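Just below is one structure, and these are the notes that go with it.
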Amino acid sequence: MTTEAFSRMQPFVLKALTAVKRRHCAEPNYAPAAPVADQIACPKCGGRLNYTVDTKGMTSARCASAGCVKWSLQ
């Protein structure tokens, strides 16, 4: 992915990452007690964004739509 393409995708990644962290990484531990695998609506295309959160609060996600929102271990 080029820097320009990443820059266009970044606001959608941040929005999705924030939603996942708020849902599963609340105080006081900032991480779930058990690993989580779930999905939310993708903020870019409205499709299915599948994500995981480990017990340390690290997340990974990938939209079901090709070339859409994705990230690894943030």
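Read-outs: derived from the displayed coordinates by stated rules, not from any lab. Here the structure is a predicted model, which is why all the values come from computation and not from measurement. FYI the Cβ positions are ideal-geometry reconstructions off the backbone, even for glycines, and counts take in every protein chain you see.
Measuring from centroid to centroid over Cα atoms, what is the spacing of the stretch 8-38 and the stretch 53-74 in Å?
9 Å
When the distances between all Cα atoms of the chain are binned every 5 Å from zero, what whole-number percent does each bin get?
3, 18, 29, 23, 15, 8, 3, 1
What does the helix-only formula give at 222 nm for the chain: each DSSP H stretch with n ≥ 4 adding -39500 (n - 2.57), the total divided by the residues, and the result rounded to the nearest 500 deg cm²/dmol?
Counting only the DSSP helices, I get -10500 deg cm²/dmol.
Check each of the trypsin sites (Lys or Arg not before Pro) in the chain and keep only those in coil by DSSP with at most 13 other C-beta atoms within 10 angstrom; list them in order.
In loop regions of the chain (DSSP not H, G, I, E or B), the sparsely surrounded trypsin sites (Lys or Arg not before Pro) are Lys56.
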